[in-house]
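Heads up: the structure comes next, in structure tokens.
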Amino acid sequence: MIRYENTVPGIFVRRVNRFVAEVLIDGKTERVHVKNTGRLGELLVPKAAVTLQRASDPKRKTAYDLISVYEPELKQERQMTPGMTQVLKVTGLKHGPSARENVGLYVDIGTDGFFRNLCITCED
């Protein structure tokens, strides 16, 4: 387990670029270093709670490193009514219709893919 010292809570404002974000710390907007340069678009959303680590080098351009973000609640794009079912129909299975037990779904870049209470049935 990694343990960080000198941590402070913050509120994510926006991503400036791959390496820099703006975060609200004690009511003041600060530019912080983003350790994970991946897109993280589903996590780094405005008002997301984040944890920062104060840098030990006073000569750095940023005084903090963004080290964690709390997962935001998933947005409901469309309200589901009780008994309503959404269906994703897949054809042309890679391993054929006789494949069983494991399912892998590829969601292309730029596409939101959230699955909750996923139920898979096979129709031969």
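Phi-derived couplings, Karplus 6.51 cos²θ - 1.76 cosθ + 1.60 at θ = phi - 60°, listed residue by residue for the stretch 41-51: x, 7, 9, 7, 10, x, 6, 6, 6, 10, 10 Hz, with x used for Gly and Pro.
When the Cα positions of A55, V16, T29 are compared along the charge dipole of the stretch 7-69, V16 comes out farthest toward the positive end, with charges on each C-beta of Lys, Arg, Asp and Glu. Loop-located GluC sites (Glu not before Pro) in the stretch 1-50 (DSSP state not H, G, I, E or B) with no more than 10 neighbouring Cβ atoms inside 10 Å: E5. By the count of neighbouring beta-carbon atoms within 10 Å, fewest first, F19, F12 end up ordered F19, F12.
Every number here is computed from the coordinates shown, using simple stated rules; none is lab data. Model, not experiment: these values are computed from the prediction. Cβ atoms come from the backbone with ideal geometry, glycine included; neighbour counts cover every protein chain shown.
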